[in-house]
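The values are calculated or read from the model by the stated rules, or taken from the named source; none is laboratory data. It should be emphasised that the depicted structure is a prediction, and the values quoted were computed from it without experimental measurement. Here the Cβ is made from the backbone with ideal geometry for all residues, glycine too, and neighbour counts use every protein chain on show. Remember, those area values only see protein heavy atoms, side chains included, never the ligands or the DNA or RNA. Shrake-Rupley method; radii C 1.70, N 1.55, O 1.52, S 1.80 Å.
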Amino acid sequence: MTDEHRQIKNHLKITGEADLTIEVVILIILGIFMFLFGVLLFQINTGILPYAPDSTYGLFLLLIAFQIVTMGKTPFGDLKRSWLLILAGICVAIVGMAAGFIPGYLSEYVRILVGSVLFFGGAALFLQLFLREDKAKTWRHSSGVLQHLILACGIVYIISCFCGLITLFPGITTNQQTAVILILYAISLFYLAWCIQKIARKYPSSKQTANDIHARIDNTQTSRIWLVLKDTSLSLSLSVLLLVAVLLTLLGLVLIPVNLGLFPFSQDGLLGMLLVIFAIQMMALGETPVGAYKRSWLMVIIGMTFATFGIISSVVPGVLINLLQALIGLLNIIGGVVLLIGRFYPVLLAMRNPPDQPVFQPPILKQMNVTQTILNFVSIAFGISMLIPGIMPGLINAEIIVVNGLLLFVLAYLIRKLEKLYPI
């Protein structure tokens, strides 16, 4: 094989379609989180680097919330993905975001919450692994990756229990020992992600699609009171959009008392969470702040890079803040401008060369276009405030962010309505 052929082959591998499931994406990001936390802890222990426990715990809770909202997977086992469970996941996200945004107020509570999730969740999942008929008892009769899955799950759950104890009872290990355990935890999470991805490729299933269709049919025949307990067909992109809407709305509301001098605020925690959310969108959906693209392996690599920056920002405050402010500011400005051009350029072309028959546009699409246009302008304003801090009064900036979050809720509602009107 010539060097040219080899380069072409490598290029196709990088730009080819990625098939990572959302579960694998979150496990990879959790693995990166634990690995970086372990590596950084060596430097934190010597006093070379600062440490922000609140935003660290907050980011972990946000990743747990993503698992709950997008998959119905809780730290204590899989549950029916109902609206009630999604609401619970959003509440977990709010606690994590609040801890990350406002340091010092929820420190002890989130430490106990994270420690309990790790220890009791790990113990519950370990027991389920060997007691439930549909897990290890079934998997052990198969050869290959399913046996790897038993080992991977067992290791992850056991180390999770150790991490929970360390979090609940600080001081039972040295920082160096904790760092080593975190790195081992990261390796086990990568191992588990590899197993699940191999299984997803070997045993492709249309279960999720079937569940979504079943949920859509059932929901049309169920009273509104019981809808909160029914399976939901909420898509992955909408689930992520809801969490972004919650983050921005909460951020704007928090910034109001912050600007009045009532609370402290962690810019690092905010930047870290935003970048990790961007990473999940890129890796799982191919969506970026500057538009949607093919979900390629290159996009996965970029997403992992964003996750790395976000995790470092959350764990070690002050190190990347200027770089990440500029990055997020530019992404929001460029994204807003690009999307506005993409929306209005075809309209201008149509005005210059009008069609013989006017094109009918359903009212819901008109509402979506208006909402997205306002969002693009708000995104540009948010980006400018990130790129040039202090260019606008703090309270006005807070109000802009609240409007951004509320508009995302409106957009999520319109997309949901559109999906019901025109099911795929």
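Yes/no matrix, rows are residues, columns are (1) without any contact (Cβ under 8 Å) to a residue 12 or more places away in the chain; (2) in a loop (DSSP other than H, G, I, E, B); (3) out of contact with any Ser or Thr (no Cβ under 9 Å at 6 or more places or on another chain); (4) polar (S, T, N, Q):
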residue: PHE265; (1), (2), (3), (4): no, yes, yes, no
residue: LEU270; (1), (2), (3), (4): no, no, no, no
residue: ALA279; (1), (2), (3), (4): no, no, no, no
residue: MET282; (1), (2), (3), (4): no, no, no, no
residue: LYS294; (1), (2), (3), (4): no, yes, no, no
residue: LEU298; (1), (2), (3), (4): no, no, no, no
residue: ILE301; (1), (2), (3), (4): no, no, yes, no
residue: MET304; (1), (2), (3), (4): no, no, yes, no
inquiry  = Among the residues that make up segment 118-139, is at least one of them more than 25 Å from PHE66 (Cβ to Cβ), assigned to a loop (DSSP other than H, G, I, E, B), open to solvent by less than 60 Å² (accessible area, probe 1.4 Å) and not basic (Lys, Arg)?
reply    = no
query = Going by the conditions given, is PHE190 within 21 Å of the chain's Cα centre (by Cα), open to solvent by 60 Å² or more (accessible area, probe 1.4 Å) and of a type in the set (A, V, I, L, M, F, W, C)?
reply = yes
ask   = Can you name the condition, by its number, that ILE302 falls short on among (1) within 25 Å of LEU40 (Cα to Cα); (2) open to solvent by less than 20 Å² (accessible area, probe 1.4 Å)?
value = (2)
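For segment 246-261, indicate whether the set of residues that are closer than 20 Å to ARG81 by Cα, buried (at least 19 other Cβ atoms within 10 Å of the Cβ) and at pLDDT 85 or above is non-empty. Steps first, please.
Start the filter on segment 246-261 by keeping residues that are closer than 20 Å to ARG81 by Cα, which leaves 246.
So of that shortlist, the ones also buried (at least 19 other Cβ atoms within 10 Å of the Cβ) come out as 246.
This time we only want the ones that are at pLDDT 85 or above, so: 246.
Yes, some residue in segment 246-261 is closer than 20 Å to ARG81 by Cα, buried (at least 19 other Cβ atoms within 10 Å of the Cβ) and at pLDDT 85 or above.
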key: Pairs, first touching a residue at least 24 places away in the same chain (Cβ under 8 Å) and more than 16 Å from LYS73 (Cα to Cα) in segment 119-141, second in a helix (DSSP H, G or I) and open to solvent by 80 Å² or more (accessible area, probe 1.4 Å), C-beta under 7 Å, six or more apart   = none
message = Going through THR70, THR167, THR174 one at a time, which residue ends up being among the β-branched types (Val, Ile, Thr), over 21 Å from the mean Cα position of the chain (by Cα) and within 30 Å of LEU255 (Cβ to Cβ)?
response = THR167
key: Qualifying residue in segment 50-67 (condition: without any contact (Cβ under 8 Å) to a residue 40 or more places away in the chain and either surrounded by fewer than 18 Cβ atoms within 10 Å (Cβ to Cβ) or under 30 Å from PHE130 (Cα atoms) (or both))   = no
task = Considering only residues that are closer than 12 Å to PHE37 by Cβ and not small (Gly, Ala, Ser), look in segment 312-327 and name the one that is surrounded by the most Cβ atoms within 10 Å (Cβ to Cβ).
result = VAL315
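Based on this model, can you work out whether PHE409 counts as touching a Gly at 6+ places or on another chain (Cβ under 9 Å), part of a helix (DSSP H, G or I) and of a type in the set (Phe, Trp, Tyr)?
Working: touching a Gly at 6+ places or on another chain (Cβ under 9 Å): no; part of a helix (DSSP H, G or I): yes; of a type in the set (Phe, Trp, Tyr): yes.
Criteria not met by PHE409.
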query = Residues of segment 99-111 being in contact with a helix residue (DSSP H, G or I) (Cβ under 7 Å, 6 or more places away or on another chain) and in a helix (DSSP H, G or I), which ones?
reply = ALA99, GLY100, PHE101, SER107, VAL110, ARG111
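Going by the structure shown, is ILE172 open to solvent by 40 Å² or more (accessible area, probe 1.4 Å), at pLDDT 90 or above and either closer than 28 Å to TYR413 by Cα or part of a loop (DSSP other than H, G, I, E, B) (or both)? It would help to see each step written out before you state the result.
Numbers: open to solvent by 40 Å² or more (accessible area, probe 1.4 Å): yes; at pLDDT 90 or above: yes; either closer than 28 Å to TYR413 by Cα or part of a loop (DSSP other than H, G, I, E, B) (or both): yes.
The answer is yes for ILE172.
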task = Check off (1) farther than 20 Å from ILE26 by Cα; (2) within 23 Å of the chain's Cα centre (by Cα); (3) small (Gly, Ala, Ser) for GLY77 and give me the number that stays unchecked.
result = (1)
message = The conditions are (1) part of a helix (DSSP H, G or I); (2) closer than 24 Å to VAL338 by Cβ; (3) touching a residue at least 12 places away in the same chain (Cβ under 8 Å), and LYS366 fails exactly one of them. Which is it?
response = (3)
